[in-house]
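One structure is given below, encoded as structure tokens.
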Amino acid sequence: MAEELSPQSTVDARLAGALIRLARVQLGLRKRSLSRHTAWVGALEGVEAPRSATQILKALLDSDEAPYQGEAMENKYYDLAIVKGRLNDAGREAIPDTATQARAFVKPLLNMLHEQSMSEAEQLEKALISQAPLLSPAVPVRTPDFTAAVPPAAVPKKTAEEQVQDLVGALEGIAYLDLPPYQRLSNKSITYFMDVGYLTISLPRYSDLEKGGRAQDLAAGQEEYVSFFMAIIAMLLLKYHKATPEHVEESSIDKQSERMTVDVTDAAGNKTEQERAVYLSVRTYQKFANLMAYPYNSVKDDAKRKEFCVQLWGEIQAAAATIGRRTLTSLLTDIVERSPTTAAATAAVAAQGPKKPASTVTPAKRPSGGASSSSSSTKRKLAR
């Protein structure tokens with residue numbers, strides 16, 4: 001007879017299964033937000049399955065302790081990760097050669113791994129206590145019982161158009177459909193924007209949004225890249241203009257946001273109303289509109305203007321992946337005020353120099369000492 005599992009071994013087995021599923025979720029988020037890091041991180045040696053964020057971070061920083069918890073991020077951590085990453089061919093190919101570029105390359109990865117690592121124990125504990133799906137074993141396939149009552153039909157999943165209409169109805173402070181169609185993404189792009197996760201948001205890649213396209217093609221002469229970036233920000237506002245989740249902490253910036261009333265149910269089942277700030281405010285959208293007007297729209301070179309827009313979206317992606325307990329309003333306000341991409345765009349505009357005044361036609365000078373042809377002709381007529 002096989003040995004029965006003890007209660008403790010049963011918990012261990014369930015936790016092990018939960019950690020495997022959690023590691024898969026972590027990997028999926030990293031692939032979506034930081035796809036350039038997938039290959040070389042996957043080739044790291046000394047990281048055993050299930051390759052959770054904590055395991056990867058310990059391998060990168062060559063430490064058995066919980067990595068830099070409570071410490072400020074320093075260059076020594078970036079350098080350790082760079083050295084360890086370059087031990088495999090994929091890392092040597094992916095990580096830039098210069099120290100500054102290499103540190104900038106690994107920084108968003110370490111930030112995301114750190115956030116994922118910090119929340120691992122809490123997520124597993126909550127899952128164990130609440131019997132959340134994270135710990136639930138795979139449901140075995142059973143032979144259907146055709147004698148049983150027919151269950152009610154499943155609620156059909158809403159189409160992208162239906163999701164957009166629902167969100168448009170809930171959006172306050174701006175009429176989304178009044179925006180010019182070329183400043184809105186196609187409705188199907190709403191499916192690229194994930195719901196808010198615990199301490200993280202997975203935002204789509206710029207290239208995926210380009211494939212989705214706009215709600216309407218540009219007309220002749222319309223600007224292409226700044227208007228497309230504003231279409232992305234408009235969709236971001238549409239998706240996340242909702243009441244702030246319970247785990248999020250409001251900042252002083254959020255005090256100026258629109259407010260929403262939500263129903264909260266306590267442990268005893270009692271319902272109360274609670275007022276919260278929106279997760280992403282209309283004020284933030286307007287700040288980006290001003291930012292796009294200057295300096296981004298003032299960059300004359302089309303290719304450079306697109307490059308700046310793509311880089312700025314990359315900053316937003318990386319920050320959202322490790323958003324923690326902040327609101328998108330707070331996070332995006334910081335990016336508006338302190339973005340290195342915006343600083344580079346401002347410098348590029350300054351380097352273009354002032355605009356040249358419109359050219360004027362200088363009248364030709366008359367030959368010295370001679371009369372004009374019209375004057376000579378007049379004199380000849382009078383002499384007759």
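Just checking, how many residues over segment 160-180 are assigned to a helix (DSSP H, G or I) and surrounded by 15 or more Cβ atoms within 10 Å (Cβ to Cβ)?
Quick first cut of segment 160-180, residues assigned to a helix (DSSP H, G or I) only: 160-170, 176-178.
Imposing the further condition that a residue be surrounded by 15 or more Cβ atoms within 10 Å (Cβ to Cβ) reduces the set to 160, 163-164, 167, 176.
Of the residues in segment 160-180, 5 are assigned to a helix (DSSP H, G or I) and surrounded by 15 or more Cβ atoms within 10 Å (Cβ to Cβ).
Filtered by the rule that a residue be touching a Phe, Trp or Tyr at 6+ places or on another chain (Cβ under 7 Å) and either surrounded by fewer than 14 Cβ atoms within 10 Å (Cβ to Cβ) or of a type in the set (Lys, Arg) (or both), segment 204-216 gives Asp208, Arg214, Gln216. For segment 206-218, the condition holds for at least one residue, the condition being that it is closer than 24 Å to Gln116 by Cβ, touching a Gly at 6+ places or on another chain (Cβ under 9 Å) and at pLDDT 90 or above.
Take Gly314 and decide whether it is modelled with pLDDT under 95, out of contact with any Lys or Arg (no Cβ under 8 Å at 6 or more places or on another chain) and assigned to a helix (DSSP H, G or I). Show your work before the answer.
Values: modelled with pLDDT under 95: yes; out of contact with any Lys or Arg (no Cβ under 8 Å at 6 or more places or on another chain): yes; assigned to a helix (DSSP H, G or I): yes.
Yes, satisfied.
Test Lys31 against the criterion of being closer than 28 Å to Arg326 by Cα, charged (D, E, K, R) and surrounded by fewer than 17 Cβ atoms within 10 Å (Cβ to Cβ), and give yes or no. Yes, satisfied. Only residues that are touching a residue at least 12 places away in the same chain (Cβ under 8 Å), part of a helix (DSSP H, G or I) and of a type outside the set (Asp, Glu) were counted in segment 191-208, giving 3.
Return the total of residues in segment 261-281 being surrounded by 17 or more Cβ atoms within 10 Å (Cβ to Cβ) and either free of Cβ contacts under 8 Å to residues at least 24 places away in the same chain or outside any strand (DSSP E or B) (or both).
As a first pass, look at segment 261-281 and keep what is surrounded by 17 or more Cβ atoms within 10 Å (Cβ to Cβ): 276-281.
Checking which are either free of Cβ contacts under 8 Å to residues at least 24 places away in the same chain or outside any strand (DSSP E or B) (or both) leaves us with 279-281.
So the count comes out to 3.
Determine, yes or no, whether Lys255 is surrounded by fewer than 21 Cβ atoms within 10 Å (Cβ to Cβ) and closer than 25 Å to Ala318 by Cβ.
Numbers: surrounded by fewer than 21 Cβ atoms within 10 Å (Cβ to Cβ): yes; closer than 25 Å to Ala318 by Cβ: no.
It is false that Lys255 is surrounded by fewer than 21 Cβ atoms within 10 Å (Cβ to Cβ) and closer than 25 Å to Ala318 by Cβ.
The residue that is surrounded by the fewest Cβ atoms within 10 Å (Cβ to Cβ), counting only those in segment 302-339 that are more than 21 Å from Ile201 (Cβ to Cβ) and either among the hydroxyl-bearing types (Ser, Thr, Tyr) or touching a helix residue (DSSP H, G or I) at 6+ places or on another chain (Cβ under 8 Å) (or both), is Asp302. Exactly one residue out of Lys188, Lys211 is over 12 Å from the mean Cα position of the chain (by Cα), in a helix (DSSP H, G or I), among the charged types (D, E, K, R) and more than 23 Å from His241 (Cβ to Cβ), and it is Lys211.
The values are calculated or read from the model by the stated rules, or taken from the named source; none is laboratory data. Keep in mind the model is a prediction, meaning the values are calculated, not measured. Virtual Cβ from ideal backbone geometry, glycine too; neighbours counted across all protein chains shown.
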